[in-house]
Every structure is written in C-alpha cells, then in structure tokens.
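The values are calculated or read from the model by the stated rules, or taken from the named source; none is laboratory data. Just so we're clear, the structure is a prediction, and the values are computed from it rather than from any experiment. A quick note on method: Cβ atoms are made from the backbone with ideal geometry, for glycine too, and the neighbour counts reach across all protein chains shown. Surface accessibility is based on the protein's heavy atoms, side chains included, excluding ligands, DNA and RNA. Shrake-Rupley method; radii C 1.70, N 1.55, O 1.52, S 1.80 Å.
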Amino acid sequence: DDDVEALFAYRDPTMRQLIWEIKYRVSPRAIALAADFLVAYLTAEIAERTLFDALSRPLLISIPASPRRAAERGGDPLALITARTAESLDGLCAHAPRALYKTRDTEPQTALTNRAERLQNVARSFAVRESVEVRDRDVIVLDDVTTTGSTFAEARRALRAAGARRVICVALAH
C-alpha cells in the first residue's frame, strides 16, 4: 500500500533496542528519540502531501494498546510518542489521542507466525470513538513496528468505516 511507511529496519540492532526500550521500559529517553524521528519525517511528509495531494491538516493518532497491556507496561508508550510528536509538529496536524480504541483484547502479534493468523487476531478489534470526528478527514496512524501490515489494515478498516477520507500509516520500523 502506498500509504504505509516505515522509517527504519527492525533487524537493525539499534532500532530493535530502541523499540524494546519504548515497549517494555516506557523509557522517556527512547520515547523522545522516537518522537524526534517521527517529527523529522512527518514535517516533510505533511508538507509534500499538502502540496501535491491536497492533504488537509490531518488527524494524528496512534494504534492503541489494550487496557491490560497498558497496565502491564505502566502506560501506553505509543500514545506518549504520538502526543510528543503532535506537540512538536506545532499545528501541522490535529492530535486525536483516543480516536481509536480496542474493542477486545488480542494476542500479541509477535506470538503469531503468519499473516493469516495476524489478520484473524486483529479482525474487528478497533473502533473509532463517536466523539472524534474523522468523516472526510485525512488521518495519520502511528505504530511502533509493522510486519505483515495486519494491524494497520484493521485500523484503516475502522477509520474508513467512520468516514475517514485518507489513512496514512507510519511505523517506526518494519
């Protein structure tokens, strides 16, 4: 899909360590570094898409952690990264921190071995809060890692069902 981008390769040991620090230690330093990477990328991407694709002040949201996983980890680190990124983008986008929510707990995608299992695992697991207006809006969805694209596909399904005009997916790593 042309609207899925990953900034780095997860196989790189430094990136793998950064993701680990984000997900399992909720490291403020790692969160700040990840946000800086996203700000650099999104500043250019939003400017280019605004010019060439008529992108209009997109909503910036993140793939939500399940309440259980957020409690286990002491918070939702991706939500922290997204908030910091939105603040640093200084008006280039609107931040919708809780636009997507998990409708049910899912198994960790890393525990599954193939794309079919991953698609089945996340099927119908996201919805858009009624209080967030996405109809006819451009949306940028952030995630830490994308492998098969199944999480992004499910987020895109939920957002389009709520009327999103365009859904751009960006991961730190693939």
Exercise for the section: Give the dimensionless ratio obtained when the Cα radius of gyration of segment 1-49 is divided by 2.2 N^0.38 Å. Expected result: 1.28
Completion exercise
With the charge dipole of segment 1-112 built from beta-carbon charges (+1 for Lys and Arg, -1 for Asp and Glu) about the Cα centre, the Cα from CYS93, GLN109, LEU38 projecting farthest to the positive end belongs to GLN109
Exercise for the section: Could you check what % of the DSSP bridge pairs in the chain are antiparallel, to the nearest 5? Expected result: 15
Handout entry: Percent carbon-and-sulfur accessible area, segment 1-143, ignoring ligands, DNA and RNA, probe 1.4 Å
Key = 50
Practice task
Please list, in chain and number order, the residues 5+ apart from GLU5 or on another chain whose amide H is under 5 Å from its amide H, with Hs placed from the backbone.
Solution key: CYS169, VAL170, ALA171
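Counting Lys +1, Arg +1, Asp -1, Glu -1, what net charge surrounds GLY163 among other residues with beta carbon under 15 Å of its beta carbon? Intermediate values should be presented prior to the final figure.
Working: positive: ARG129, ARG135, ARG137, ARG156, ARG157, ARG160, ARG165, ARG166; negative: GLU130, GLU133, ASP136, ASP138.
Every neighbour counted, the sum reads +4.
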Exercise for the section: Would you look at the GNM of the chain, springs on alpha carbons closer than 10 Å, and say which of ARG25, ARG118, ARG137 moves the most? Expected result: ARG25
Problem - FRET efficiency, 1/(1 + (r/R0)^6) with R0 22 Å, evaluated for LEU119 and ASP90 via beta carbons - result: 0.05
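Could you size up the charge dipole of segment 51-174 around its Cα centre, putting +1 on the beta carbon of Lys and Arg and -1 on that of Asp and Glu, and report it in debye to the nearest 20? Kindly include the intermediate steps, with their values, before the conclusion.
Details: 19 positive and 15 negative charges, 69 e Å.
Dipole size: approximately 340 debye.
About the Cα centre of segment 1-106, how large is the charge dipole given +1 on each Lys and Arg Cβ and -1 on each Asp and Glu Cβ? Please answer in debye to the nearest 20. Before the final figure, lay out each step's value.
Values: 14 positive and 15 negative charges, 143 e Å.
Here segment 1-106 has a charge dipole of around 680 debye.
Where nothing but the Cβ of Lys and Arg (+1) and of Asp and Glu (-1) is charged, how large is the charge dipole of segment 134-174 around its Cα centre, in debye to the nearest 20?
Working: 7 positive and 5 negative charges, 58 e Å.
For this selection, approximately 280 debye.
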Practice task
Calculate, in nm to one decimal, what GLU107 and TYR24 gain on full extension: separation in residues at 0.36 nm each, minus their alpha carbon distance.
Solution key: 28.3 nm
Exercise for the section: Calculate the spin-label point distance for ARG157 paired with ARG11, positioning each point 7 Å from the Cα along the beta-carbon direction, and give it in nanometres. Expected result: 2.9
Practice task
Name the residue farthest towards the positive end of the dipole of segment 14-78 from the options LEU18, PHE52, SER66, assuming +1 on Cβ of Lys and Arg, -1 on Cβ of Asp and Glu, about the Cα centre.
Solution key: SER66
